[in-house]
Amino acid sequence: MKRPQLERPALLEARGVTRLYGPGKGCEDIDFRLHEGEVLGIVGESGSGKSTLLRTLCGMETPDAGRVVYHSDVERCLDGATDDGELDLYAIGEARRRALLRMEWGLVHQNPRDGLRLGVSAGANIGERLMALGDRHYGQLRAAGQDWMGRVELDPGRIDDAPRHFSGGMQQRLQIARTLVTRPRLVFMDEPTGGLDVSVQARLLDMLRTLVRELGLSVVLVTHDLAVARLLADRLMVMCRGRVVEAGLTDQILDDPQHAYTQLLVSSVLTP
Amino acid sequence: MNGYNFAYLDEQTKRMIRRGLLKAVAIPGYQVPFGGREMPMPYGWGTGGMQLTASILGEDDVLKVIDQGADDTTNAVSIRAFFERVAGVETTTATAEADVIQTRHRIPETPLSADQILVFQVPIPEPLRFIEPSEEETRVMHALEEYGVMHVKLYEDIARHGHIATTYAYPVKVDGRYVTDPSPIPKFDNPKLHMSEALMLFGAGREKRLYAIPPHTRVESLDFEDHPFEIQAWDEPCALCGARDSFLDEVITDDVGGRMFVCSDTDYCQRRQEEVA
């Protein structure tokens, strides 16, 4: 008898991932599973190892120990995957890792200027990932660009403007459009609302939440802002000095923190 | 010969460059680094092309040098005089009679044959440079065939001008693998690279890179499905020889707006004028 699947399949797994620049600097012995369609928040103060962990997860920094395993779509059947579609991120070569980052993953930088090409127009920025996948039809690229500018609440009429003439919030929207245009399954976000003022932040978060639900994205979200985590994340991991000190459902952690550091973090939030 | 080794460079250097050339021919379009030497002229004047010419030149070879298609401009005249002096080789302006043709930014209109070699002078050999300043990164991009960004530039052209406005140094894909800068030849010459009879060698002196397009190699110019690659066309024929199939230069003849269009390839133009006369 075929049993119904009770748990949604895992998409990304960290197994004992360690990346240390020195004792206590970096991340140590991290284990977690990210399921399909789930938003995982990683919170902690500056220097707690969140960003190091993110860089290790998305293939930009080789871990000292442990494995990052991605469960690829069996139908797409990427090279280097085992029969059940398991892909060890650092056992496959750089070529496949970069292909993965191009085709199935997306990365949203904290600073939109790191993720955008400032010298070329907004349309070219959105089209770049499509062109990298082999799209060679100008009309379709342009239509996709306009469609996505609308989706991230940018004026499609500004498709030929260079992003350096956009405001910070608009640049961040453009970066999100550029990342999501290829319909990635998994998106890494590093402080997506960092450096934006609160009203712009609120609209961006609202938009992000809608897109995540609409596209059924899985997201690893790094933030120091608990309000952002509360709004977007289904599950939270709290990091302190390179280690995960508490993990669980977002509401559970924020409303009933167990670890002393989490309690400190939650009680430090300013309320106007 | 005046205390110089044949063709200026010492034999070890020529061997080194020839080894590089063999590798370049074996991997069409791939940029091979080489230990470029100081040449007795400034970078940007064709030191890369001259080093390649010096290493492949034989005593019986006939050399032709062109600069923007012309045999009689400064760059062409001085490089031709240089090899006359340090190699004592015979020189010519006739395309069909030359064994080695060093060129700055044109391919002769007269079709080349299998026993000829064309040597290009290249300022910037890296087609990805305009969008990726890091050499380390561009090498990885070549290795992994990450060429999506090349189309970003073409996309920008269409978005700004309504058509692909790149008219020279138009990027090509060689043998379905490496994206290559064909040196700043006008895109008019790009189709001549495809399945060429002659061997084409490219040398960049400042950047110390050489690459090759061997004979009978596929060379495709990058484009979009709905904006295909096109070459330049002119409304009028050459004012001197009446050719309609050659690349024309606009020449200003006076200060009241007078202008004429003439062949950029002087040898081709002259030969046609002689035929008519």
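The values are calculated or read from the model by the stated rules, or taken from the named source; none is laboratory data. Being a predicted model, the structure only gives us computed values, none of them experimental. As a convention, Cβ positions derive from the backbone with ideal geometry for all residues, glycine included, and neighbour counts pool all protein chains shown.
Listed values, structure above:
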read-out	value
Among the residues listed as A:VAL238, A:VAL266, the single one being buried (at least 20 other Cβ atoms within 10 Å of the Cβ) and either of a type in the set (Phe, Trp, Tyr) or under 28 Å from A:LEU217 (Cα atoms) (or both)	A:VAL238
Helices (runs of 4 or more DSSP H) fully within segment A:112-190 counting 3 or more residues that are facing chain B (nearest Cβ under 10 Å)	A:122-132, A:138-151
B:ARG209 vs. criteria farther than 24 Å from A:VAL120 by Cα and buried (at least 19 other Cβ atoms within 10 Å of the Cβ)	yes
Selection from segment A:134-188 of residues that are among the aromatic types (Phe, Trp, Tyr) and in contact with a strand residue (DSSP E or B) (Cβ under 9 Å, 6 or more places away or on another chain)	A:TYR138, A:PHE188
Set B:PRO28, B:PRO42: member being within 29 Å of B:PRO127 (Cβ to Cβ) and over 16 Å from the mean Cα position of the chain (by Cα)	B:PRO42
Only one of B:GLY29, B:GLY58, B:GLY49 that is under 30 Å from B:VAL179 (Cβ atoms), in the same structural domain as B:VAL174 (by TED's automatic domain parsing) and in a loop (DSSP other than H, G, I, E, B)	B:GLY29
Lone qualifier among A:THR250, A:THR223, A:THR210 - being under 14 Å from the mean Cα position of the chain (by Cα) and over 19 Å from A:LEU130 (Cα atoms)	A:THR223
Tally, over segment B:131-180, of residues that are of a type in the set (S, T, N, Q) and either within 13 Å of chain A (Cβ to nearest Cβ) or not in a loop (DSSP other than H, G, I, E, B) (or both)	2
Options B:LYS14, B:LYS23: the member that is without any contact (Cβ under 8 Å) to a residue 24 or more places away in the chain and of a type in the set (D, E, K, R)	B:LYS23
Flag for A:GLU28 being in contact with a Gly (Cβ under 8 Å, 6 or more places away or on another chain), in a helix (DSSP H, G or I) and either modelled with pLDDT of 90 or more or crowded, with 22+ Cβ neighbours inside 10 Å (or both)	no
The listed residue being touching a strand residue (DSSP E or B) at 6+ places or on another chain (Cβ under 7 Å), of a type in the set (D, E, K, R) and not assigned by TED's automatic domain parsing to the domain that holds B:VAL262, out of B:ARG37, B:ARG80	B:ARG80
Among the residues listed as A:PRO192, A:PRO163, A:PRO184, the single one being touching a residue at least 24 places away in the same chain (Cβ under 8 Å), within 21 Å of A:ARG33 (Cα to Cα) and touching a helix residue (DSSP H, G or I) at 6+ places or on another chain (Cβ under 9 Å)	A:PRO184
Test: residue in segment B:56-77 that is more than 17 Å from the chain's Cα centre (by Cα) and crowded, with 20+ Cβ neighbours inside 10 Å	yes
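The rows are residues; the columns are (1) in contact (Cβ under 8 Å) with a residue 60 or more places away in the chain; (2) over 25 Å from B:VAL174 (Cα atoms).
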position	(1), (2)
B:PHE83	yes, yes
B:GLU97	no, yes
B:THR110	yes, no
B:GLN116	yes, no
B:VAL122	yes, no
B:PRO125	yes, no
B:GLU132	no, no
B:GLU135	no, no
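Residues checked against (1) of a type outside the set (A, V, I, L, M); (2) exposed (fewer than 15 other Cβ atoms within 10 Å of the Cβ); (3) in a loop (DSSP other than H, G, I, E, B); (4) at pLDDT 85 or above:
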site	(1), (2), (3), (4)
A:PHE32	yes, no, no, yes
A:GLY37	yes, no, yes, yes
A:LEU40	no, no, no, yes
A:LEU53	no, no, no, yes
A:MET60	no, yes, yes, yes
A:PRO63	yes, no, yes, yes
A:ASP73	yes, yes, yes, no
A:CYS77	yes, yes, yes, no
A:THR82	yes, yes, yes, no
